[in-house]
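*Asks:* Can you keep this structure in mind? I'll have questions shortly.
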Ligand code: SF4
Ligand code: MG
């Protein structure tokens with residue numbers, strides 16, 4: 001099937017007091033209807049920025065975003081609302097920035113209000129339906145979010161994101177603030193909703209075990225670029241990029257096998273002055289001379305598998 005979301009050569013820059021940051025460089029990816037693409041990388045690698053650009057909270061400096069066949073890269077402000085209906089976002093703490101006096105019913109109905117969907121009674125019915133879908137009691141609509149646990153608040157955030165029947169939902173660290181048992185409940189809810197609604201997810205997380213659990217395919221980002229892209233099995237069993245291998249080695253093993261020393265030496269380089277050549281060369285245990293001068297392109301190393309490393313073999 002045609003991808004529901006297609007990002008081509010996307011670049012995002014920020015001007016700050018310290019200079020220009022190239023937060024995202026030449027990122028291309030596609031997501032099929034009903035698919036989950038996991039997006040992993042260390043904090044500060046540009047994954048949230050990419051997610052925000054896709055939901056049009058950030059204006060890209062270059063490249064294209066196509067949603068359901070429509071180019072939404074530079075839709076004029078008065079038509080942005082229509083484009084935004086089809087792609088929604090779920091944040092780590094969905095209500096951190098919202099008025100605490102709002103009721104859950106008002107919060108879930110707000111996107112319907114903004115887009116002038118339905119009558120007042122139809123919107124109430126839609127809120128009841130959404131509460132049911134995310135496993136919350138009907139009387140939740142009259143209460144305020146702070147009366148709910150973290151996991152229940154995330155259910156409210158998901159209901160709000162689904163209110164307009166989007167084709168794509170960008171989930172930015174949606175379970176990172178939750179206890180492990182609650183994480184599992186939310187991940188299972190997301191998977192059930194995806195089955196029922198056919199919605200596609202871009203699932204952003206620094207947690208590889210969560211990404212392995214939810215994703216069909218996985219993209220790995222380092223300093224604003226995608227360095228590896230593969231289906232889940234390939235990425236976790238036969239990673240081609242040294243950075244992906246380092247991330248995987250840093251995950252504590254639960255099978256009792258020997259734990260290799262965390263190989264990710266050093267800090268993420270400053271995004272204000274990214275290293276030349278392969279941006280990972282300052283931390284890569286396999287770096288050769290060419291890595292310091294020539295930037296490796298993302299290229300095919302197997303079926304549906306690409307990596308940006310001079311040493312990655314077909
Ligand atoms: Fe390491 Fe060189 Fe590959 Fe970069 S291109 S990941 S520095 S081996
Ligand atoms: Mg982030």
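*Asks:* Would you mind finding the one in 215, 149 that is assigned by TED's automatic domain parsing to the domain that holds residue 273 and either in contact (Cβ under 8 Å) with a residue 12 or more places away in the chain or more than 15 Å from the chain's Cα centre (by Cα) (or both)?
*Replies:* 215
*Asks:* Picking from 142, 122, which residue would you name as being more than 16 Å from ligand 1 (Cβ to nearest atom), in contact (Cβ under 8 Å) with a residue 12 or more places away in the chain and surrounded by fewer than 20 Cβ atoms within 10 Å (Cβ to Cβ)?
*Replies:* Being more than 16 Å from ligand 1 (Cβ to nearest atom), in contact (Cβ under 8 Å) with a residue 12 or more places away in the chain and surrounded by fewer than 20 Cβ atoms within 10 Å (Cβ to Cβ) holds for just one of 142, 122, which is 142.
*Asks:* Additional query: Need the failing condition index for residue 41 against (1) under 16 Å from the mean Cα position of the chain (by Cα); (2) on the phi > 0 side of the Ramachandran plot; (3) away from ligand 1 (no atom under 16 Å from the Cβ), just the number.
*Replies:* Here residue 41 clears every test but (3).
*Asks:* Still on this structure, I have one more. Of all residues in region 33-47, how many are within 18 Å of residue 190 (Cβ to Cβ) and surrounded by 20 or more Cβ atoms within 10 Å (Cβ to Cβ)?
*Replies:* So the count comes out to 7.
*Asks:* Is it true that residue 244 is assigned by TED's automatic domain parsing to the domain that holds residue 13, in contact with a helix residue (DSSP H, G or I) (Cβ under 9 Å, 6 or more places away or on another chain), modelled with pLDDT of 95 or more and over 30 Å from residue 86 (Cα atoms)?
*Replies:* So residue 244 fits the description; yes.
*Asks:* A follow-up question, please. Taking residue 309 as the residue in question, decide whether it is within 17 Å of residue 226 (Cβ to Cβ) and within 8 Å of ligand 1 (Cβ to nearest atom).
*Replies:* yes
*Asks:* Right, next: Could you tell me how many of the residues in region 26-37 are within 10 Å of the chain's Cα centre (by Cα) and closer than 11 Å to residue 221 by Cβ?
*Replies:* Matching residues across region 26-37 total 0.
*Asks:* Something else: If you take just the helices (runs of 4 or more DSSP H) that sit entirely in region 49-136, which of them hold at least 1 residues that are modelled with pLDDT of 95 or more, away from ligand 2 (no atom under 16 Å from the Cβ) and assigned by TED's automatic domain parsing to the domain that holds residue 189?
*Replies:* none
Residue-wise test of (1) under 20 Å from residue 24 (Cβ atoms); (2) modelled with pLDDT of 95 or more.
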{"residue": "265", "(1), (2)": "no, no"}
{"residue": "268", "(1), (2)": "yes, no"}
{"residue": "279", "(1), (2)": "yes, yes"}
{"residue": "293", "(1), (2)": "no, yes"}
{"residue": "300", "(1), (2)": "no, yes"}
{"residue": "305", "(1), (2)": "no, yes"}
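*Asks:* Can you tell which of 258, 274, 252 is at pLDDT below 95, under 23 Å from residue 9 (Cβ atoms) and assigned to a loop (DSSP other than H, G, I, E, B)?
*Replies:* After ruling out the rest, the residue left standing is 274.
*Asks:* Let me ask something additional. Looking at residue 277 and the list (1) touching a strand residue (DSSP E or B) at 6+ places or on another chain (Cβ under 9 Å); (2) on the phi > 0 side of the Ramachandran plot; (3) near ligand 1 (Cβ under 8 Å from one of its atoms), which single condition is not satisfied?
*Replies:* That leaves (1) as the condition not met.
*Asks:* May I ask you to list the residues in region 1-27 that are part of a loop (DSSP other than H, G, I, E, B) and either farther than 21 Å from residue 276 by Cβ or at pLDDT 95 or above (or both)?
*Replies:* Residues satisfying the conditions are 1, 2, 3, 4, 17.
*Asks:* Being in a strand (DSSP E or B), away from ligand 1 (no atom under 16 Å from the Cβ) and buried (at least 18 other Cβ atoms within 10 Å of the Cβ) is the requirement here; does residue 30 meet it?
*Replies:* Values: in a strand (DSSP E or B): yes; away from ligand 1 (no atom under 16 Å from the Cβ): yes; buried (at least 18 other Cβ atoms within 10 Å of the Cβ): no.
No, not satisfied.
The values are calculated or read from the model by the stated rules, or taken from the named source; none is laboratory data. Being a predicted model, the structure only gives us computed values, none of them experimental. Positions of Cβ are generated from backbone atoms using ideal geometry, with glycine treated the same way; all protein chains shown enter the neighbour counts.
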